[in-house]
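> I am attaching a structure below and will ask some questions about it afterwards.
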Amino acid sequence: MTAATPTPRAPLMPLDDALARLLEHVRLIEGTQTVSTFDADGRVLARDLVSPLQVPPQDNSSMDGYAVRVAEVANEGAMLPVSQRIPAGSAAQPLAEGTAARIFTGAPVPQGADAIVMQEDTQATEDGRVTILRVPEPGQWIRRSGEDVRKGSVVLAAGDRMTPASMGLAASIGCGRVEVVRRPRVALFSTGDELAMPGEVAPADMKPGAIYNSNRFFLRALLVRLGCEVGDMGIVPDQRDATIAALTKAARNCDLILTSGGVSVGEEDHIKPAVQSLGTLDLWQIAMKPGKPFAYGRVNNTHFIGLPGNPVSSLVTFVLLVRPFLLKLQGATNIAMRPIQLPAHFELRRGDKRREFLRARRNAEGGVELFPNQSSGVLTSAVWADGLVDNPPGRTIARGDMVSFLPLAEMLG
Ligand code: AMP
Ligand code: MG
């Protein structure tokens, strides 16, 4: 008998490959919903928004002052009678020749006027005339019709994610309601017999070995921020049957089942066999730190994603993999991370074998600092951080080297 050859360890999968493979499985979910523009923040537009009008609708003044014809005030000190008064929201008469019109910010520029003189550059007389103290440039202080939005143009496109600014823009073209992709339904559960719920078990009553379930809190919040409807199934014990039951229930009406923990390959990790007994599962060892174990599979038509249990690994794999997945599910077009290059105000003497996402924070000097403890269990690092330094495998970093920084604010919603 020959000695059994050990099965060679599969090489770790590069993160970019894992992301590409994950995104290959995603199709836009069916179904749209028409919501009030007030409620559209964070939602993905299902249709282009085409403007039925010009914004601003007509040429208007960007100053309080006087509307004039430049040719009539070519010399400093010209004096003109004031022929009309145009507050914002009123209609203007054509500007009578040889006169000026009193005008206010946002008011329509009268036909014939070709500049606004701000009131600080004028002197009004008691008997209704005004002296122009400074010769205006043609077009001065006039906001042109359509300079913001042209009639017929696409102001926001299908696939754009609404922001407060885009809600304002939609409102500016008269959209009180917008059609958005429906919310993805996500079933969330945590695995682990060691987990206890804050509020249910007091710190003094924690059993030996017990820890509080922290993943459930940030995963749920992240899902909500990404526009999902969360079916929170709580904690599922480390048992095959319980895991199968939870998965079966979750698969009934969800687009995605998201779990944390139980995707390593210890015998207490029941996710893999449970998902495999109901559908298919790939367990990926991703060449990233924190992170590494990550599972993608399917139960019927429902996607399954299993995140690692360590809180920081769970958080980082969520933002780097699940976030783009959920955005693509909703048809969002802009899902790429946008790193910025910043100088390191720290040293890293030994780069990890895996691509590492270091919890980091920008300082007032424009550099990046690292949290001292980069362990994947230390959630304090993620709270302290405002971003992740994306460090390639094996790269050492000297103070002043430029590093790739991913702002968390952008990725947490
Ligand atoms: P696992 O992936 O299940 O092997 O878990 C890896 C580590 O993460 C263990 O130390 C677990 O106790 C911890 N862990 C798993 N799930 C959670 C959770 N929901 N909240 C906090 N820690 C967790
Ligand atoms: Mg576990």
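> Report, by residue number, each residue of the stretch 185-222 that is of a type in the set (D, E, K, R) and either touching a residue at least 12 places away in the same chain (Cβ under 8 Å) or part of a helix (DSSP H, G or I) (or both). Reasoning before the result, please.
The first filter runs over the stretch 185-222 and keeps only residues of a type in the set (D, E, K, R), leaving 185, 193-194, 200, 205, 207, 216, 220.
Selection gives 185, 193, 194, 205, 216, 220.
> Yes or no: residue 51 surrounded by fewer than 15 Cβ atoms within 10 Å (Cβ to Cβ) and either over 35 Å from the mean Cα position of the chain (by Cα) or farther than 30 Å from residue 292 by Cα (or both)?
Numbers: surrounded by fewer than 15 Cβ atoms within 10 Å (Cβ to Cβ): no; either over 35 Å from the mean Cα position of the chain (by Cα) or farther than 30 Å from residue 292 by Cα (or both): yes.
So residue 51 fails the test.
> Tell me the residue from 105, 34 that is touching a residue at least 60 places away in the same chain (Cβ under 8 Å) and more than 30 Å from residue 357 (Cβ to Cβ), please. Full working, then the answer.
On the way: 105 fails: touching a residue at least 60 places away in the same chain (Cβ under 8 Å).
From the options 105, 34, the qualifying one is 34.
> Next question, about the same structure. Could you go through the stretch 184-192 and let me know if any residue there is away from ligand 1 (no atom under 16 Å from the Cβ) and either exposed (fewer than 13 other Cβ atoms within 10 Å of the Cβ) or among the charged types (D, E, K, R) (or both).
Yes.
> Okay, next question. Residues in the stretch 195-208: is at least one within 9 Å of ligand 1 (Cβ to nearest atom), under 24 Å from residue 315 (Cα atoms), buried (at least 16 other Cβ atoms within 10 Å of the Cβ) and of a type in the set (A, V, I, L, M, F, W, C)?
Within the stretch 195-208, the subset within 9 Å of ligand 1 (Cβ to nearest atom) is 195.
From the residues that got through so far, the ones that are under 24 Å from residue 315 (Cα atoms) too are 195.
When the remaining residues are screened for being buried (at least 16 other Cβ atoms within 10 Å of the Cβ), the result is 195.
Then keep just the ones that are of a type in the set (A, V, I, L, M, F, W, C); that gives 195.
Scanning the stretch 195-208, I find at least one residue that is within 9 Å of ligand 1 (Cβ to nearest atom), under 24 Å from residue 315 (Cα atoms), buried (at least 16 other Cβ atoms within 10 Å of the Cβ) and of a type in the set (A, V, I, L, M, F, W, C), so the answer is yes.
> Could you please find all residues in the stretch 269-318 being free of Cβ contacts under 8 Å to residues at least 40 places away in the same chain, hydrophobic (A, V, I, L, M, F, W, C) and away from ligand 2 (no atom under 16 Å from the Cβ)?
Across the stretch 269-318, the qualifying residues are 278, 281.
> Could we say that residue 209 is at positive phi and modelled with pLDDT of 95 or more here? Talk me through it step by step, then tell me what you get.
Values: at positive phi: yes; modelled with pLDDT of 95 or more: yes.
For residue 209, the condition - at positive phi and modelled with pLDDT of 95 or more - is met.
> Could I ask something else about it? So, of the residues in the stretch 340-361 that are surrounded by 16 or more Cβ atoms within 10 Å (Cβ to Cβ) and in contact with a Phe, Trp or Tyr (Cβ under 9 Å, 6 or more places away or on another chain), which turns out to be farthest from residue 412 (Cα to Cα)?
It comes out as 342.
> Collect the residues in the stretch 227-267 that are away from ligand 2 (no atom under 16 Å from the Cβ), more than 29 Å from residue 33 (Cα to Cα) and buried (at least 17 other Cβ atoms within 10 Å of the Cβ), keeping them in residue-number order.
Matches in the stretch 227-267: 244 only.
> Looking at the stretch 377-410, which of the residues that are among the small types (Gly, Ala, Ser) and modelled with pLDDT under 95 is farthest from residue 14 (Cα to Cα)?
Only one residue tops the list, namely 409.
> Can you tell me which residues in the stretch 144-183 are of a type in the set (A, V, I, L, M, F, W, C), under 14 Å from residue 42 (Cβ atoms), in contact (Cβ under 8 Å) with a residue 60 or more places away in the chain and in a helix (DSSP H, G or I)?
Correct list: 167, 170.
> Please work out if residue 312 is crowded, with 20+ Cβ neighbours inside 10 Å, over 29 Å from residue 11 (Cα atoms) and within 13 Å of ligand 1 (Cβ to nearest atom).
Working: crowded, with 20+ Cβ neighbours inside 10 Å: yes; over 29 Å from residue 11 (Cα atoms): no; within 13 Å of ligand 1 (Cβ to nearest atom): yes.
Judged against the criteria, residue 312 is not a match.
> Could I ask something else about it? For residue 322, only one of the following conditions fails: (1) in contact with a helix residue (DSSP H, G or I) (Cβ under 7 Å, 6 or more places away or on another chain); (2) assigned to a helix (DSSP H, G or I); (3) surrounded by 21 or more Cβ atoms within 10 Å (Cβ to Cβ). What is its number?
(1) is the only condition that residue 322 fails.
> So, in the stretch 336-364, of the ones that are assigned to a strand (DSSP E or B) and among the small types (Gly, Ala, Ser), which residue ends up farthest from residue 384 (Cα to Cα)? Reasoning before the result, please.
Start the filter on the stretch 336-364 by keeping residues that are assigned to a strand (DSSP E or B), which leaves 340-344, 348, 355-362.
Subset that is among the small types (Gly, Ala, Ser): 344, 360.
Details: 344: 17, 360: 8 Å.
Only one residue fits best here, namely 344.
> Okay, moving on. Identify, by number, the condition in (1) within 30 Å of residue 174 (Cβ to Cβ); (2) touching a residue at least 60 places away in the same chain (Cβ under 8 Å); (3) of a type outside the set (A, V, I, L, M); (4) surrounded by 15 or more Cβ atoms within 10 Å (Cβ to Cβ) that residue 14 doesn't meet.
Failing condition for residue 14: (1).
> A further question follows. Scan the strands (runs of 3 or more DSSP E) fully inside the stretch 223-305 and keep the ones with 3 or more residues being more than 12 Å from ligand 1 (Cβ to nearest atom), within 20 Å of residue 20 (Cβ to Cβ) and not basic (Lys, Arg).
Numbers: elements: 229-236, 256-260, 280-285, 293-299.
The qualifying strands (runs of 3 or more DSSP E) are 280-285.
The values are calculated or read from the model by the stated rules, or taken from the named source; none is laboratory data. Computed from a predicted structure; not experimentally measured. Using ideal geometry, Cβ is built from the backbone for each residue, glycine included, and neighbour counts are taken over all protein chains shown.
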